[in-house]
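The values are calculated or read from the model by the stated rules, or taken from the named source; none is laboratory data. Quick caveat, the model's predicted, so the values are computed rather than measured. Glycine also receives a Cβ, built like all others from the backbone with ideal geometry; neighbour counts cover every protein chain displayed.
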Amino acid sequence: MILIPEKKSKPVKKFFDGFNEVILKMIDLIMLAAPYGVFALLAALVVESPSVDLFKALIWYAFTVILGLLIMIAFYNLLVWVITKKNPSFFLKGISPAQLLAFSTSSSAATLPVTMERVTEHLGVDEEVSSFVLPIGATINMDGTSLYQAVAAVFIAQAFGMDLSLGVQLGIIVTATLASIGSAAVPGAGMVMLVIVLAQAGIPEAGLALIFAIDRPLDMCRTAVNVTGDASVSMIVAKSLGRLHDPKVKDWDDNYKSN
């Protein structure tokens, strides 16, 4: 599309833009209707549950996901420290407002402007690097989501008493990674893509009702990890290109003074 005249590529671009909007609206409608259906499914599971073991298992599931996300954040800090020689406290302090916004909105796309501002001004990444790396990261770098999908698939399989072979578990890892790349940067999209992971492993999709009740807080946590990954990669890319410099925080009236 770049190599052909803009006039000829414009209809193709409009088609994909419109198709993307349709998919996002479909996800919105599904997520609006999902709580009612999930309530009915969860009510049946609770009534039929012979003991409180199911609820204990949910707590362990949430603990496992959060522990995995914390390990990922620690790994990102280690990468930033080793490659860019920046202190982990410097990195976390610079990106913390974007993490907080990601946690509250559960959307990497909604957090993108704040992420770009923090990375550029507070972490010292050149604007040319951040404006290229961060939008791509917000679209395809759903590493927290991939971890959640893999853990959720194994948990649902265990809840149904399924024995997963090593090959199936490796398939879950690959499918979860690919599905997370295809997930939209909107709240709840990871739950929709989890259906693909479950179908690939032959796990009953009805098990989604087991984890939906606690999906929102976990969605908030994994979105914060996604944003952290985007910021760390942008710093590493900037360092490799010689575009990582000292932070230069702008005041609110800088543009006014320059005019």
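Per-structure values
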{"read-out": "Count - residues of segment 108-118 that are under 17 Å from ILE140 (Cβ atoms) and buried (at least 22 other Cβ atoms within 10 Å of the Cβ)", "value": "4"}
{"read-out": "So ALA150, is it modelled with pLDDT under 90, closer than 15 Å to GLY229 by Cβ and crowded, with 21+ Cβ neighbours inside 10 Å", "value": "no"}
{"read-out": "Cβ-Cβ under 8 Å pairs, at least 6 apart or on other chains, segment 129-145 side assigned to a loop (DSSP other than H, G, I, E, B), far side of a type in the set (Asp, Glu)", "value": "ASN141/ASP230"}
{"read-out": "Tally of residues being small (Gly, Ala, Ser) and more than 23 Å from TRP81 (Cβ to Cβ) across segment 94-131", "value": "7"}
{"read-out": "Filter result for ALA98 (surrounded by 15 or more Cβ atoms within 10 Å (Cβ to Cβ), closer than 26 Å to GLY242 by Cβ and either basic (Lys, Arg) or in contact (Cβ under 8 Å) with a residue 24 or more places away in the chain (or both))", "value": "yes"}
{"read-out": "Test: residue in segment 77-91 that is over 23 Å from VAL249 (Cβ atoms) and surrounded by fewer than 14 Cβ atoms within 10 Å (Cβ to Cβ)", "value": "yes"}
{"read-out": "Some residue of segment 27-40 being under 18 Å from the mean Cα position of the chain (by Cα), modelled with pLDDT under 90 and closer than 30 Å to VAL233 by Cα", "value": "yes"}
{"read-out": "Breaking point among (1) in contact with an Asp or Glu (Cβ under 8 Å, 6 or more places away or on another chain); (2) farther than 20 Å from LEU208 by Cα, for LYS85", "value": "(1)"}
{"read-out": "Subset of segment 153-174 that is over 26 Å from PRO217 (Cα atoms), among the aliphatic types (A, V, I, L, M) and part of a helix (DSSP H, G or I) - its residue that is modelled with the highest pLDDT", "value": "LEU170"}
{"read-out": "Residues (surrounded by 10 or more Cβ atoms within 10 Å (Cβ to Cβ) and not aliphatic (A, V, I, L, M)) located in segment 1-16", "value": "SER9, LYS10, LYS13, LYS14, PHE15, PHE16"}
{"read-out": "Qualifying residue in segment 45-64 (condition: modelled with pLDDT under 90 and under 20 Å from the mean Cα position of the chain (by Cα))", "value": "yes"}
{"read-out": "Conditions (1) within 16 Å of the chain's Cα centre (by Cα); (2) more than 30 Å from PHE160 (Cβ to Cβ); (3) of a type in the set (A, V, I, L, M): number failed by MET72", "value": "(2)"}
{"read-out": "Within segment 178-259, helices (runs of 4 or more DSSP H) holding 3 or more residues that are modelled with pLDDT of 75 or more", "value": "189-201, 208-212, 215-240"}
